[in-house]
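Trainee: Before I ask anything, let me first share the structure, which is written out below as structure tokens.
Since every read-out is calculated from the coordinates, none of them should be taken as a lab result. Treat the numbers as computed from the prediction; the structure is a model and nothing was measured. All Cβ positions, even for glycine, are placed from backbone atoms using ideal geometry, and neighbour counts span all protein chains on display.
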Amino acid sequence: MSLPPLVEPAESLSVDEIRRYSRHLIIPDVGVAGQKRLKNAKVLCVGAGGLGSPALMYLAAAGVGTLGIVEFDTVDESNLQRQIIHGQSDIGRPKAESAAASIREINPYVNVVIHNTAIDRDNVFDIFGQYDLIVDGTDNFATRYLVNDAAVLLGKPYVWGSIYRFDGQASVFWAEHGPCYRCLYPEPPPPGMVPSCAEGGVLGVLCASIGAIQVTEAIKLLTGVGEPLVGSLMVYDALEMTYRKIKVRKDPACALCGENPTVTQLLEDYEDFCGAVSVEAQEAVVDSTITARELKEWQDAEKDFLLVDVREPAEFEIVRIPGSVLIPKGEILSGEALATLPQDKQIVLHCKSGVRSAEALAALKAAGFKDAVHVQGGVLAWVKTIDPSLPSY
Ligand SMILES: [Zn+2]
């Protein structure tokens with residue numbers, strides 16, 4: 001399905017712009033008219049991280065006239081393996097500012113608009129309303145559903161992408177012409193089921209592969225060229241080096257864009273909808289949580305307990321709390337590891353940040369380990385408060 005161009009052309013291109021964009025101008029399908037449309041386009045990138053980095057850089061180079069950036073985070077050293085819009089000297093700087101500086105260096109003709117804030121239900125309509133097209137580079141389900149719901153309710157198209165380890169996906173969601181994200185994923189996955197890139201890792205260059213698809217789709221939508229990924233899901237496997245295009249149909253029963261929608265406004269709380277931690281885990285941690293400092297005190301007092309690290313082996317290799325033994329969360333949830341755990345000792349669980357250990361704690365309590373506890377904030381809290389010489393990741 002081809003669609004008409006999303007934006008009207010700008011009045012003219014300057015002599016400098018004609019020189020700069022000449023390799024676009026000589027493509028018959030783009031030409032001066034297409035480049036003028038890009039000049040007139042207003043595109044918002046949600047997130048200036050893994051996907052936002054290549055997306056913003058290529059959108060800028062392509063001559064998109066106005067580029068908005070919504071991002072509240074600051075640049076961390078662990079971002080630089082993939083977030084190539086930021087550099088070493090940007091560490092500690094707000095990502096939105098760092099990205100804006102890079103964009104100005106790539107193309108001074110771009111008008112950069114910084115939204116140095118987290119996108120939420122109170123500001124999303126106001127921010128989205130200023131743009132023709134949204135590029136979603138977010139890395140969590142709560143923001144993904146918020147972006148989708150706001151885009152559908154405003155009748156705006158957006159280009160979605162997601163990455164994990166060696167796998168990536170991309171699509172264009174535009175409820176007026178095809179399915180929305182909820183048609184594809186009506187419900188968020190149960191908390192703890194789908195690990196984030198912070199938990200499971202991501203091959204840095206995968207961001208470029210998926211970010212490039214997102215920019216290609218954005219340019220096609222803005223200029224009305226080719227067949228956009230509306231109604232199609234692109235699935236990329238870097239290990240096999242395959243791209244598969246899967247048809248996605250609009251779901252007539254979709255809660256948001258279906259025939260009898262039940263979601264007619266933004267949800268009260270997207271974090272809640274996506275359940276950062278499951279109900280069972282929330283209940284399990286009540287009165288069964290210790291701090292990193294308390295763990296240290298227990299160790300110093302030689303209290304008799306077993307410290308179990310429920311992260312994955314690769315994470316255990318990077319950094320570990322002294323005295324911990326590794327039993328990945330999956331082995332606890334499946335019940336496989338339960339028989340190996342001592343009945344006569346208190347068990348203290350920890351993970352990286354406290355989410356996975358809360359899930360594992362719920363399983364342990366259900367299996368009868370009533371006095372088990374978990375460490376709030378996990379390894380990150382330990383590094384921060386007990387031993388800053390250890391690496392954070
Ligand atoms: Zn839908």
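Trainee: In the range 250-262, which residues are within 10 Å of the ligand (Cβ to nearest atom) and out of contact with any Gly (no Cβ under 7 Å at 6 or more places or on another chain)?
Mentor: Within the range 250-262, the subset within 10 Å of the ligand (Cβ to nearest atom) is 250-258, 261.
Listed by number, the residues that qualify are A253, C254, A255, L256, C257, G258, P261.
Trainee: Could you tell me whether the range 322-335 includes any residue that is within 23 Å of V286 (Cα to Cα), out of contact with any helix residue (DSSP H, G or I) (no Cβ under 8 Å at 6 or more places or on another chain) and part of a strand (DSSP E or B)?
Mentor: No, the conditions are met nowhere in the range 322-335.
Trainee: If you don't mind, there's one more thing I want to ask. Restrict the check to the range 134-151 and report whether at least one residue is closer than 25 Å to G65 by Cα, more than 17 Å from the chain's Cα centre (by Cα) and of a type outside the set (A, V, I, L, M, F, W, C).
Mentor: Within the range 134-151, none of the residues are closer than 25 Å to G65 by Cα, more than 17 Å from the chain's Cα centre (by Cα) and of a type outside the set (A, V, I, L, M, F, W, C).
Trainee: Just checking, how many residues over the range 71-111 are in contact with a Cys (Cβ under 9 Å, 6 or more places away or on another chain), within 30 Å of I18 (Cβ to Cβ) and either of a type outside the set (A, V, I, L, M, F, W, C) or not in a helix (DSSP H, G or I) (or both)? Let's see the steps before the verdict.
Mentor: The first filter runs over the range 71-111 and keeps only residues in contact with a Cys (Cβ under 9 Å, 6 or more places away or on another chain), leaving 71, 82-84, 99.
When the remaining residues are screened for being within 30 Å of I18 (Cβ to Cβ), the result is 84, 99.
So of that shortlist, the ones also either of a type outside the set (A, V, I, L, M, F, W, C) or not in a helix (DSSP H, G or I) (or both) come out as 84.
Selection size over the range 71-111: 1.
Trainee: Please verify whether the range 13-29 includes one or more residues that are part of a loop (DSSP other than H, G, I, E, B), of a type in the set (D, E, K, R), out of contact with any strand residue (DSSP E or B) (no Cβ under 9 Å at 6 or more places or on another chain) and touching a residue at least 60 places away in the same chain (Cβ under 8 Å). Can you show your working first?
Mentor: Residues of the range 13-29 part of a loop (DSSP other than H, G, I, E, B): 13-14, 21, 26-29.
So of that shortlist, the ones also of a type in the set (D, E, K, R) come out as 29.
Imposing the further condition that a residue be out of contact with any strand residue (DSSP E or B) (no Cβ under 9 Å at 6 or more places or on another chain) reduces the set to 29.
Applying the additional criterion that residues be touching a residue at least 60 places away in the same chain (Cβ under 8 Å) yields 29.
So far as the range 13-29 goes, yes, one or more of its residues are part of a loop (DSSP other than H, G, I, E, B), of a type in the set (D, E, K, R), out of contact with any strand residue (DSSP E or B) (no Cβ under 9 Å at 6 or more places or on another chain) and touching a residue at least 60 places away in the same chain (Cβ under 8 Å).
Trainee: Kindly indicate whether any position in the range 231-239 is among the hydrophobic types (A, V, I, L, M, F, W, C), within 16 Å of the ligand (Cβ to nearest atom), surrounded by 15 or more Cβ atoms within 10 Å (Cβ to Cβ) and closer than 26 Å to V205 by Cα. So that I can check it myself, show each step before the final result.
Mentor: Within the range 231-239, the first condition is being among the hydrophobic types (A, V, I, L, M, F, W, C), and the residues that meet it are 233-235, 238-239.
Going one step further and asking which of them are within 16 Å of the ligand (Cβ to nearest atom), we end up with 233.
Subset that is surrounded by 15 or more Cβ atoms within 10 Å (Cβ to Cβ): 233.
Of the ones still in play, those that are also closer than 26 Å to V205 by Cα are 233.
For the range 231-239, residues among the hydrophobic types (A, V, I, L, M, F, W, C), within 16 Å of the ligand (Cβ to nearest atom), surrounded by 15 or more Cβ atoms within 10 Å (Cβ to Cβ) and closer than 26 Å to V205 by Cα: present.
Trainee: While we're looking at this one, here's another question. Tell me yes or no: at least one residue of the range 263-276 is part of a loop (DSSP other than H, G, I, E, B) and within 12 Å of the ligand (Cβ to nearest atom). Lay out the reasoning, then the answer.
Mentor: Here is the first cut: in the range 263-276, the residues part of a loop (DSSP other than H, G, I, E, B) are 263-269, 275-276.
Among the residues that remain, those that are also within 12 Å of the ligand (Cβ to nearest atom) are: 263.
Scanning the range 263-276, I find at least one residue that is part of a loop (DSSP other than H, G, I, E, B) and within 12 Å of the ligand (Cβ to nearest atom), so the answer is yes.
Trainee: Which residues, taken from the range 324-344, are surrounded by 13 or more Cβ atoms within 10 Å (Cβ to Cβ) and touching a residue at least 12 places away in the same chain (Cβ under 8 Å)?
Mentor: S324, L326, I327, P328, K329, I332, L333, L338, L341, listed by residue number.
Trainee: Hey, M57 hits all of (1) over 23 Å from S392 (Cβ atoms); (2) surrounded by fewer than 19 Cβ atoms within 10 Å (Cβ to Cβ); (3) among the aliphatic types (A, V, I, L, M) but one; which does it fall short on?
Mentor: (2)
Trainee: I've got another one for you. Among the numbered criteria (1) buried (at least 18 other Cβ atoms within 10 Å of the Cβ); (2) without any contact (Cβ under 8 Å) to a residue 40 or more places away in the chain; (3) over 18 Å from E268 (Cα atoms), which one does G155 miss?
Mentor: Failing condition for G155: (1).
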